[in-house]
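Just below is one structure, and these are the notes that go with it.
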Amino acid sequence: MTRTAGRRLCAPRSVVSAATFVLAIAANAADAAEFLATADAATVLYDAPSAKARPLFVLSKDTPLEVIVPVEGWTKVRDVGGTIGWIEKKSLADRRSLVVRVPAAEVRANPEDAAPLVFRAESGVLLELAEPATHSTTTATPGWVKVRHRDGQMGFVRITQVFGL
C-alpha cells in the first residue's frame, strides 16, 4: 500500500481474498506433515542428496522422520531432534512408528489421565502405531494414540509426548 496526495491506496478485495485463500492452504499443508520410517537396520542421513555427500548420522530401523521434500531418488527429512538431512528414497518405508520425545512418556490402559499406567517409555524409545492414524487429528481418541512396545505391551500415550504423527 502506498500514499499519494494524502490518499491511501488499498489492494482490491479480490487480491486480499486470493492471498487469504493461499495462506489458508499453506497452513493446512503445514498441519498435514508426512512421516515415514527408515526401512534398513542402518540408514545413513547425509547433508546433501548424494551418496558422496558428508554423512551426518546412522539411523536405526523404524526411526520416524518427517518428510520435507522428495527429490529424484532422495528425500529431505527432519528427525525428532530437528536435524535436517537427506536419505535415499529406497531406505524409507511406509511403516509408521513413533519415538518418545519427552523424558518419560506414560502409556495408559485407556485414553485418559486417570487410567491405570501400563508402562513408562523413556526418551528415544520406539513405539509402533497400533491404530490407523495418518495425522494427530485422525486418531480414534483425540489427544491420544494407541501404541505397542516391541515387547508386546500396548496402551495409549498423549500425542504431545511422541514424534512421528
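The values are calculated or read from the model by the stated rules, or taken from the named source; none is laboratory data. Here the structure is a predicted model, which is why all the values come from computation and not from measurement. Because the Cβ atoms are built from the backbone with ideal geometry, glycine has one as well, and the counts that use them run over all protein chains shown. When the accessible area is computed, the model is the full protein with side chains, heavy atoms only, and any ligands, DNA or RNA have been set aside. Shrake-Rupley method; radii C 1.70, N 1.55, O 1.52, S 1.80 Å.
Once the principal axes of the Cα atoms of region 35-165 are found, what is the range along each, listed largest first in whole angstroms?
Computed over region 35-165, the largest-to-smallest principal extents equal 51, 25, 22 Å.
Taking R0 as 25 Å, what's the FRET efficiency between Val69 and Ala42 from their Cβ-Cβ distance, rounded to 0.05? It would help to have the intermediate numbers written out before the result.
Details: r = 24 Å, r/R0 = 0.94.
Efficiency, rounded to the nearest 0.05: 0.60.
Enumerate the lysines that Lys61 could reach by cross-link, defined here as Cα to Cα under 17 Å, with residues fewer than 8 away along the same chain left out.
List returned: Lys89, Lys90.
Return the sequence-ordered ³J(HN,Hα) values of region 56-63 in whole Hz as given by the Karplus equation 6.51 cos²θ - 1.76 cosθ + 1.60 applied to θ = phi - 60°, using x for Gly and Pro.
Computed from phi, the couplings for region 56-63 are 9, 8, 10, 9, 7, 4, 6, 5 Hz.
With the crude spin-label approximation of a point 7 Å out along Cα→Cβ, what separation in nm comes out for Arg78 versus Ala115?
Here the modelled spin labels are 2.9 nm apart.
So which trypsin sites (Lys or Arg not before Pro) in region 33-89 are both in a DSSP loop and have at most 13 other Cβ atoms within 10 Å of their Cβ? Spell out each step's value before the answer.
Details: sites: Lys52, Lys61, Lys76, Arg78, Lys89; in loops: Lys52, Lys61.
Those that pass, being in a loop and sparsely packed, are Lys52.
As a test of reading the structure, rank Glu122, Glu72 by solvent-accessible area (1.4 Å probe, protein chains only), most first. Present the calculation step by step, with values, prior to reporting the outcome.
Numbers: Glu122 130, Glu72 175 Å².
Reading off the accessible areas and sorting them downward yields Glu72, Glu122.
Within a Cβ distance under 14 Å of Glu128, other residues only, what is the Lys/Arg minus Asp/Glu net charge?
+2
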